[in-house]
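These notes concern the structure reproduced below.
Only the coordinates and a few stated rules stand behind these numbers; no lab work does. All of these numbers come straight from a predicted model, not from anything done at the bench.
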Amino acid sequence: MLQQIGAALDEHRPLRVRNHGLIALEASVTASAKEFGNERQGKTRSAARSRERPTRRKGTASGPRSASPPPRVSRDVLRAAYEGQLKCVTEAYPSLRTFPDDDGMWLLARSSIIPGLEREATFLVALPYRSEVGPRAWGFWAAAGSCSWIGPRHTNFRDGSICAFSPNDGAWFDGGDLRTLLDLYSAWAARHLYLEVFDRWPGKQYGLTGADPLVQAYYRLRECKDNELCGCGSESRPYAECCKPSDRRMEIEGASRFLRHVPGGFSTRQPPLSVVEFVEGRSEIPRMKCVHLQIATR
């Protein structure tokens, strides 16, 4: 099934995300998936541009419950929008737990990804009641009482948070359907699982769009494998046959430029210790302003 999911992504065929975060092909519903309940999600696009400036990262998967982004939403409106969805979100992700915060709401949910997988993806999501900030989430594999961070591919610089979609693509927006948000993270985790098993990232992907071309070139050299679709967003050409030859000519200058634009470089893609300790059950939920809002306002 995982191999089929990767092939579908490479061919830009749609996926579905069902209850419990189970991923399935658009035209195929397995008996195991049916047992978990009705499908909720229609098509998922195969890739999305980065929502980040160079100090963050790139996007990969986007989803269908989208609409044109509304104007800036007030704190009270966002609170009401999120709190009013909790019943239906719990039906889709029965493990859902919520935690209040002075600046918003935390979600903790598990996703099964594919039937029979002996681990689950755990997502810790910060939902600020500030529309200009947006959500931030971290993914972990959980199995047999242990957990490990999902990364570093397609995670943000500076805090290792998930980068799975772009608001510019209409995949999700502040105040939108929280099931869609968790679905996007589930699809992102499925891609990571494919990468782990088959040693390549499936489907279309973007690097640091909008960044200095030298920075983009160095990023692709470090991140993209020859047999993956090129990080420039190509839908058909593998990296080795697309941007790699020109990227190699810019490697030396690109490396120094990259470190100036991304302080700390690739090593900064690590989750905050307070997030890890909470997910592992060793501490209380962190304060949102300490792990999200302070970064967003720098």
Inset, instruction - Would you please report the Å³ per residue occupied by the convex hull of the alpha carbon atoms in segment 213-263? - result: 61 Å³
Legend entry - segment 144-298 - Rg over Rh from alpha carbon coordinates, Kirkwood radius: 0.98
Legend entry - √(5λ) per eigenvalue of the Cα gyration tensor, segment 90-130, largest first, Å: 25, 9, 7
